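The structure under discussion appears below in the form of structure tokens.
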Amino acid sequence: MSSYFSVDYMIKAFPTLLSYIDVTIIVTIVAELFGIVIGCVVAFLRIHKVKVLNQVCLLYLSFIRGTPFLVQLYLVCFGLPQLLQGLGYQDIRSIPGLLFVFLIMSIHTGAYIAEIMRSSILAVDKGQLEAAHSIGMSTYQAYIRIILPQAFQLAIPALGNNVISTLKGTSLIFNVGVVDMLRKADLMGSYSYRHLELYVDIAIIYVLLCFVIQVATYFLERRSTLGKELAS
Amino acid sequence: MITFKNIHKSFGDNEVLKGINASVPTGSVTVILGPSGSGKTTLLRSINFLEKADRGEIILDDLHIDVEKVTKQEIHEIRQRTAMVFQSYNLFKNKTALENIMEGLIVVKKISKAEAKEKAIIFLEKVGLGSKGDFYAHQLSGGQQQRVGIARALALNPDVILFDEPTSALDPELVGEVLEVMKKIAQEVNCTMIVVTHEIGFAREVADHVIFMDGGVIVEEGTPEQVLGAPKNERTKQFLARYVSFTEYNI
Ligand SMILES: Nc1ncnc2c1ncn2[C@@H]1O[C@H](COP(=O)(O)OP(=O)(O)OP(=O)(O)O)[C@@H](O)[C@H]1O
Ligand SMILES: [Mg+2]
């Protein structure tokens, strides 16, 4: 049995792989943070049909949703540096590769969050914006203080799902040379020839991470005042 | 003094306001009556530009707005000098009762948080809800929510408060408490009130001036005695006949 599957090796390798979890987590957090900012701005521009920018947003959304993530990853991580070099920026090697990964992950995630935020902003009662306007708040102030906080509460389940897919999406970044858990497993496997154990470890780590996110989502949802209102 | 001159507004082909001319003296209470669809809400909302009228003038003391050429600053200014109480309350759902009142004070009036809180407590007590400061909208009854809505408007010390059917979403037994608060404001606060309502009793008791609208025009206006007691226009008579008998039947 142990020749097919070594539990010992699986357990022994686990901490090593786990120590690479930071790459996955950092990329996910950066992508989500910037993605939320991008998503909110795009959602606003689309809802208020801001001239020109609304069309730009539509183009952006259909590009991101209409191309495979791996293609986007290659475009930005391999194509963009080449373009910069072509434009005369010679110092390209001094830019850490991870920066390009952050960039494309954020842009990618932003497109999906834009759709989530758009529908949850539209789900906020439009009387809320009117009330804010009626007491003299600007649209910007109303969004920051009233509309977005409520939209986020409504969006918690969808955002939770988005964090999970972003997290899983990070498993592709080894393709552009970033050493994450999966790449580490590859490297270790080429020495030990025990890929199966290593990939099982990776699967376990992803399952645990997703579980943590689901639990966090659940508690956030329970804490939200709007959630209580909807439930009551 | 707030004055409307020749206010026109259409939604597509539907001309909802067909040239409204009226004046409301400072500190007075004006009640607007009229059948459903006559344009009462639209008129009220065009004062603070929640709805932008097509043409006409809105004059609030020294602020003279030509609706067609209105600027962002003018909209901002008239919104700062007016406040609105909504039929569906529209309390900020992510804020407590107290925070609802503080919001405008902090963001618009730019006063400190501590000072805003003090002030908000005073206004919450004024509407009889001193103990409900930490409650969210969904934890309050409709009548309580509307009283917070009134306190929120009042706290900003506006020149004019616009009430759009403040009691018509309420259960009948809660109407009284809100009208009571409005009556108190009318007596204690020197602030112009423009009230769209179907509460004829309130109009009779509290209003200085009554405007009757139908089909996008002002059909008749005057003191409550004139308009409610001895209406001249046939449409006013019909409307009142229906409403007064309906209200009295209710009581
Ligand atoms: N946003 C809008 N778009 C299109 N039509 C509208 C809009 N708002 C109001 N209307 C129309 O304008 C007319 C007047 O509406 P308004 O709400 O001002 O009437 P009202 O006098 O307040 O009636 P009620 O007593 O029912 O509240 C109605 O025919 C209504 O259908
Ligand atoms: Mg109305």
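Grab the other residues whose beta carbon is less than 11 angstrom from that of B:SER38, score K and R as +1, D and E as -1, and report the net.
Numbers: positive: B:LYS18, B:LYS40, B:ARG235; negative: B:ASP214.
Here the charged neighbours net out to +2.
Provide the percentage of antiparallel DSSP beta bridges, counting only those with both residues in the protein assembly as shown; round to the nearest 5. Provide the component values of the computation, followed by the final result.
Details: 23 of 40 bridges.
DSSP beta bridges in the protein assembly as shown are roughly 60 percent antiparallel.
Starting from 0 in steps of 20 Å, tell me what percent of the Cα-Cα pairs of the protein assembly as shown lands in each bin.
So the P(r) values, bin by bin, are 20, 40, 25, 13, 3, 0.
Out of A:SER62, A:ASN175, A:LEU73, whose Cα points farthest toward the positive end of the dipole of the range A:24-178 (charges: +1 Lys, Arg; -1 Asp, Glu; placed on Cβ)?
In the range A:24-178, that residue is A:SER62.
Could you sort B:ASP164, A:ASP8 by accessible area so the largest value comes first, with the probe set to 1.4 Å?
On the way: B:ASP164 15, A:ASP8 120 Å².
The ordering from most to least exposed comes out as A:ASP8, B:ASP164.
Could you list, in their original order, any pairs among A:LYS126/B:LYS113; B:LYS126/B:LYS184; B:LYS18/B:LYS72 whose Cα atoms are separated by more than 21 Å?
Numbers: A:LYS126/B:LYS113 27 Å; B:LYS126/B:LYS184 9 Å; B:LYS18/B:LYS72 25 Å.
Beyond 21 Å between Cα atoms: A:LYS126/B:LYS113; B:LYS18/B:LYS72.
Which value, in Å², gives the accessible area per residue of the range A:1-132 when a 1.4 Å probe is used on the protein heavy atoms? List each step's numbers first, then the result.
On the way: 7410 Å² over 132 residues.
I get 56 Å² per residue for this part.
Need one word for the range A:24-178: rounded, prolate or oblate. Basis is the Cα gyration tensor (sqrt eigenvalues a ≥ b ≥ c); a/c below 1.5 gives rounded, then a/b vs b/c decides. Don't jump to the answer; show the numbers that get you there.
On the way: a/c = 2.49, a/b = 1.87, b/c = 1.33.
Note, shape of the range A:24-178 comes out prolate.
From Cα pairs below 8 angstrom and at least 6 apart in sequence, can you work out the relative contact order of chain B, rounded to a whole percent? All intermediate terms of the calculation are to be shown ahead of the outcome.
Numbers: 457 pairs, mean separation 62.3, N = 251.
Computed over chain B, the figure is 25 percent.
Just the number please: accessible area per residue for chain B, 1.4 Å probe, all protein chains included, in Å². If you can, show how the numbers build up before the last one.
Values: 10980 Å² over 251 residues.
Per residue, chain B has an accessible area of 44 Å².
Springs between alpha-carbon pairs under 10 angstrom, Gaussian network model over chain A: which of A:SER165, A:SER119, A:SER192 fluctuates most?
Judging by the Gaussian network model, the answer is A:SER192.
Given an 8 Å cut-off on Cα distances and at least 6 residues of separation, report the relative contact order of the range A:24-178 as a percent. Kindly include the intermediate steps, with their values, before the conclusion.
Working: 146 pairs, mean separation 58.1, N = 155.
Computed over the range A:24-178, the figure is 37 percent.
Positive end of the dipole of the protein assembly as shown, charges at C-beta (+1 Lys, Arg; -1 Asp, Glu), about the Cα centre: which of A:TYR199, A:SER138, B:ILE122 has its Cα farthest in that direction?
The Cα lying farthest towards the positive end belongs to A:TYR199.
Is there a simple number for the mean count of other chain Cβ atoms within 10 Å of the Cβ of residues in B:146-153, and what is it? Could the numbers behind the result be given before it?
Numbers: counts 0, 0, 0, 1, 0, 0, 3, 3.
The per-residue average across the peptide is 1.
Amide H neighbours of B:VAL85 under 5 Å, at least 5 residues apart or on other chains, H built in the peptide plane: list them.
Amide H neighbours of B:VAL85, under 5 Å, 5+ apart: B:LEU162, B:PHE163, B:ASP164.
Which length gain, in nm to one decimal place, applies between B:HIS64 and B:ARG204 when the Cα-Cα distance is subtracted from 0.36 nm times their residue separation? Can you show the working numbers first?
Values: separation 140, 0.36 × 140 = 50.40 nm, distance 3.14 nm.
Difference between extended and current length: 47.3 nm.
For the range B:77-91, state which residues have at least 30 Å² less accessible area in the presence of all protein chains than in their chain by itself, taking the probe as 1.4 Å and leaving out ligands, DNA and RNA.
B:ARG79, B:PHE86, B:ASN90
For chain A, set up a GNM with springs between Cα atoms under 10 Å and report which of A:VAL41, A:VAL215, A:VAL101 has the largest fluctuation.
Residue with maximal mean-square fluctuation among A:VAL41, A:VAL215, A:VAL101: A:VAL215.
With chain B treated as a Gaussian network of Cα nodes joined by springs under 10 Å, which of B:THR41, B:THR96, B:THR71 yields the largest mean-square fluctuation?
Comparing B:THR41, B:THR96, B:THR71 in the GNM, the peak value goes to B:THR71.
Would you work out what percent of the accessible area of the protein assembly as shown, with all protein chains in place, is carbon or sulfur (probe 1.4 Å)? Kindly include the intermediate steps, with their values, before the conclusion.
Working: 13740 of 23350 Å².
On the protein assembly as shown, the fraction of accessible area on carbon and sulfur atoms equals 59 percent.
How many square angstrom of accessible surface are buried between B and A, both sides summed, with a 1.4 Å probe and rounding to 100? Please list the in-between numbers first.
On the way: alone 12000 and 13430 Å², together 23350 Å².
In total, this chain pair buries about 2100 Å².
Can you list the residues of the range A:131-161 that have at least 20 square angstrom less accessible area with all protein chains present than in their chain by itself, probe 1.4 Å?
Residues of the range A:131-161 that lose at least 20 Å² of accessible area once the other chains are added: A:ALA131, A:HIS133, A:SER134, A:ILE135, A:GLY136, A:MET137, A:GLN141, A:ARG145, A:ILE146, A:GLN150.
The values are calculated or read from the model by the stated rules, or taken from the named source; none is laboratory data. Remember, it's a predicted structure, so these values are computed and weren't measured experimentally. Cβ sites come from the backbone with ideal geometry, for glycine too, and all protein chains shown count toward neighbours. Note: areas computed on protein heavy atoms with side chains; ligands, DNA, RNA excluded. Shrake-Rupley method; radii C 1.70, N 1.55, O 1.52, S 1.80 Å.
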